[in-house]
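Shown next, in structure tokens, is the structure this report addresses.
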Amino acid sequence: MKKILKIFSALIALLVIVIVIFVATYKPRQYTDYTMYSELFNWTAAQYEQLLQPRAINEFFTDFAQPLGFPFSKLFGGTDLGVQLKSYENTQLAAATVSLFEVPPGSGYHNTVTLNLLPRSGVRAPVMHVDFLKPSAGVPGMFILDFFNVDKDAISYEEFFGEDIAVIREAMAKVAQYQRTEEQGRGKISRYLDPFKSPYRLELNEPAADDEAARQAYYAAALDAVKMVLPVYLKRISQLPLDEGFAKAHEEATHHLVRELHEKDFAVKMGRNIFKDNFYTYWQDGFWHVDIDFAK
């Protein structure tokens with residue numbers, strides 16, 4: 001019995017050593033985005049700049065870097081996360097934001113681009129949201145574009161997009177071959193958002209990493225889809241009046257969406273650990289620009 005215990009203890013010790021060596025030497029694989037992440041960030045910021053006014057929060061994210069602790073330093077492959085964030089507003093939009101992650105800062109290696117466009121309360125428009133993520137440990141690369149509707153009785157996709165709905169459908173057709181299926185896990189990690197999702201949702205799977213031609217075509221198609229859709233969204237929302245009679249109900253419905261994200265979204269939970277004291281500046285102020293006390 002003692003001999004068995006000694007062997008077992010030795011195996012455990014060996015396993016611990018192997019794990020320590022693996023963690024110490026692990027470096028995440030890097031995947032090219034063919035410069036399309038930086039192109040998407042710069043192009044989006046330029047669209048905002050032409051039509052909207054910059055928000056004061058942009059100053060906070062000038063040359064901003066977030067120190068990364070374990071295990072995120074291993075997952076990202078660096079001790080600092082460079083975060084570029086630009087946010088704008090106008091009469092119809094409370095916040096139109098785009099952000100770009102870079103590890104390490106100044107390296108030119110990007111792994112996430114996010115867009116979020118939040119209508120002001122009383123403007124009958126959906127929230128436009130885009131996430132473009134590279135593969136990471138155990139998680140495939142993906143692209144998500146959707147128009148979250150916080151009140152489907154009061155906000156109509158067809159009325160909002162009007163004749164430009166044809167452009168949205170054209171963008172969907174452009175990336176149709178990459179759309180994730182139910183069997184591939186479509187919507188699995190965001191079931192709580194089902195009440196807000198649109199019939200025009202893009203949820204794309206990135207092709208296998210060893211097929212460079214397929215990956216490049218995928219990145220180009222996803223980028224083109226955003227370039228087709230964002231100008232339409234900005235044009236249509238700029239034409240809308242502010243309905244004061246709807247403003248209060250709209251605000252409450254939007255707060256419900258934001259609270260659902262805060263409570264249930266995996267990326268938000270991870271973001272709190274990554275950004276620590278800067279999380280609410282980045283997520284709540286940068287993207288959602290809402291006055292919510294999450295402690296209540």
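Taking the longest Cα principal axis of the chain as reference, the axis of helix 244-264 is set at about 10 degrees. On a 0 to 90 degree scale, rounded to 10, what angle separates helix 2-25 from the longest Cα axis of the chain? Value to nearest ten degrees: 40. Farthest toward the dipole's positive end in segment 31-288, which of 127, 223, 209, given Cβ charges of +1 (Lys, Arg) and -1 (Asp, Glu) about the Cα centre? The Cα lying farthest towards the positive end belongs to 209. Near the amide H of residue 55, within less than 5 Å, lie the amide hydrogens of 87, 88, 89, all on another chain or at least 5 residues away, with H placed in the peptide plane. Per-residue Karplus couplings for segment 177-184, computed as 6.51 cos²θ - 1.76 cosθ + 1.60 with θ equal to phi - 60°, are listed in order as 5, 9, 4, 5, 9, 4, 5, 8 Hz, Gly and Pro entered as x. Between residue 252 and residue 227, the contour length at 0.36 nm per residue exceeds the Cα-Cα span by 5.9 nm. Our estimate of slack between residue 242 and residue 209, defined as 0.36 nm per intervening residue step minus the Cα-Cα distance, is 7.2 nm. If you find the alpha carbon centre of segment 251-296 and of segment 155-232, how far apart are they in angstrom? Segment 251-296 and segment 155-232 have Cα centres spaced 24 Å from each other.
With only the Cα atoms considered, segment 79-152 has a convex hull volume of 104 Å³ per residue.
Residues whose amide H comes within less than 5 Å of that of residue 94, counting only those at least five positions distant or on another chain, are 118, 120 (H built at 1.01 Å from N in the peptide plane).
Evaluate E = 1/(1 + (r/R0)^6) for residue 42 and residue 181, where r is the Cβ-Cβ distance and R0 equals 45 Å; express this FRET efficiency to the nearest 0.05. Efficiency, rounded to the nearest 0.05: 0.85. Take each peptide in 80-87, 33-40, 169-176, count the other Cβ atoms within 10 Å of every residue, and average; sorted highest first, the result is 80-87, 33-40, 169-176. Ranked by the mean number of other Cβ atoms within 10 Å of their residues, highest first, the peptides 127-136, 159-168, 231-240 fall in the order 127-136, 231-240, 159-168. The C-alpha atoms of the chain define a longest principal axis, and helix 266-275 lies at about 70 degrees to it. Placing R0 at 35 angstrom, the Cβ-Cβ distance between residue 273 and residue 166 gives a FRET efficiency of 0.25 after rounding to 0.05. At an R0 of 30 angstrom, the distance between the Cβ atoms of residue 59 and residue 191 translates into a FRET efficiency of 0.20.
Each Lys or Arg adds one and each Asp or Glu takes one away; over the other residues whose Cβ falls under 12 Å from the Cβ of residue 108, this sums to -2. Between residue 153 and residue 220, the modelled label-to-label distance comes to 4.8 nm, taking each label 7 Å out from Cα in the direction of the beta carbon. Separation of segment 29-45 and segment 100-131, taken as the distance between their Cα centroids, equals 12 angstrom.
Would you list, by chain and number, the aspartates and glutamates whose Cα falls below 18 Å from the Cα of residue 269, excluding same-chain residues fewer than 8 positions away? Cross-link targets: 131, 260, 277, 285, 293.
Read the figures in this text as sums done on the coordinates, not as results from a lab. On a predicted model such as this, the values are computed, not experimentally measured, just so you know. Glycine gets a Cβ as well: all are built from the backbone with ideal geometry, and neighbour counts include every protein chain shown.
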